[in-house]
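Visitor: Just dropping this structure here.
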Amino acid sequence: MGFEHTSVLSQEVHEHQELKPGNIVVDCTLGGSGHALATIKAILPDGKLIGIDQDLDAIDHAKKVLHPFKENALLFHSNFSDLYKILNSNGIEGVNSILLDLGFSLNQLKNGKRGFSFNENEPLDMRMDIRNDLTAFEIVNSFQKNELVDIFFKFGEEKFSRRIAKKIVETREKKPIRTSVELAQVIKSAIPAKFIYSQRIHPATRVFQALRIVVNKELERLENFMEDVPSLLLEGGRLCVISFHSLEDRIVKKALRKFENGCTCPKDLPICLCGFIPQMKSVFRKPLVPTKEEIDSNPMARSAKLRVAQRV
């Protein structure tokens, strides 16, 4: 099974990007190129799509999917946090739309052979970009117990982080934990049975999320990216961000709030004296979420949230 074109919240994204022919648009995470394909068709004949992905497989796939529109596409094997450098080096001063889909593709889960899924018996790697040094294997087998506790609690919001870290350390003293299935079994054995069967999600979900976030510096890169956003968009340009867990959504929400209402003056002052000028305005206060129909057809969409903001 290869890449799939299924894109989360695709109808909502397309509606709120407000794309027009001739627009310059960025797809920060190409994945299966579902969003990219819809985007490039909306900006023809002379628009430009800038596509980015840190997974080389996704870039190769995008070249095939977007081949009929290759004159309108610039593809980069990089991380979305490098967008400022990419635009600058290509002489692009601003864009009309930026889409950042923080999910990962079914291809990475099922065919990546990097241990992203606890259902596939694969080497513990979890690097989106194999050029990076740190792997999940290194974290699981060499980090101190307290470091593991911090990672699982902070980045996975895992309430059994101490029990899981202790079990991992005990297990690896006998032999290294080498595969995703081995790790999932260790995690499951550390959690009380009554909690396992009362959860909606697999018991290893939060730990796998935490490891993936740390290996790929996901939150750090998202924070850096959000700082740059107003300077990358043209006036009236729109940012669409699809997040899949509360840690990501919190970063996006906090940054947009700062761009929209970052006045530091005391609240009892009748006028602003700090000189704050709004840079972005949220298109809607609460994030959009998938319909029941979309979740039924694509269970991976169940936790997705879409936030949209416009450059002012």
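Visitor: Calculate the spin-label point distance for V312 paired with K70, positioning each point 7 Å from the Cα along the beta-carbon direction, and give it in nanometres.
Guide: In this crude label model, K70 to V312 measures out at 4.4 nm.
Visitor: Contour minus end-to-end for S142 and L273, with contour as 0.36 nm per residue of separation and end-to-end as the Cα-Cα distance?
Guide: Full extension from S142 to L273 adds 42.0 nm.
Visitor: How fast does the chain diffuse by Stokes-Einstein, in µm²/s, taking the Kirkwood radius from C-alpha pairs at 4 °C and 1.567 mPa s?
Guide: Answer from the Stokes-Einstein relation: 62 µm²/s.
Visitor: Where a ≥ b ≥ c are the square roots of the eigenvalues of the C-alpha gyration tensor, would you call region 101-181 rounded, which needs a/c under 1.5, or, failing that, prolate if a/b is larger than b/c, or oblate?
Guide: It comes out prolate by the Cα gyration axes.
Visitor: How high is the relative contact order of region 133-215, in percent, with contacts defined as C-alpha pairs under 8 Å that are six or more residues apart?
Guide: Numbers: 78 pairs, mean separation 33.1, N = 83.
Relative CO of region 133-215 lands at 40 percent.
Visitor: Additional query: Give, rounded to the nearest 20 debye, the magnitude of the charge dipole that the chain has about its Cα centre when Lys and Arg contribute +1 at Cβ and Asp and Glu contribute -1 at Cβ. Walk me through the numbers before you get to the answer.
Guide: On the way: 45 positive and 40 negative charges, 235 e Å.
My answer is approximately 1140 debye.
Visitor: What are the semi-axes of the equivalent ellipsoid of region 194-251, taken as the square roots of 5 times the eigenvalues of the Cα gyration tensor, listed largest first and rounded to whole Å?
Guide: 32, 13, 7
Visitor: Continuing with the same structure: Just going by the charge dipole of region 183-277, with Lys and Arg at +1 and Asp and Glu at -1 on Cβ, which of I213, S189, H202 is farthest out on the positive end?
Guide: Towards the positive end, the residue furthest out is S189.
Visitor: Could you work out how far the C-alpha centroid of region 133-152 sits from that of region 232-246, in angstrom?
Guide: The two parts, judged by their Cα centres, are 32 Å apart.
Rule-based calculations on the coordinates, nothing more; no lab input. Owing to the predicted nature of the structure, the values given are computational and were not obtained by experimental measurement. As a convention, Cβ positions derive from the backbone with ideal geometry for all residues, glycine included, and neighbour counts pool all protein chains shown.
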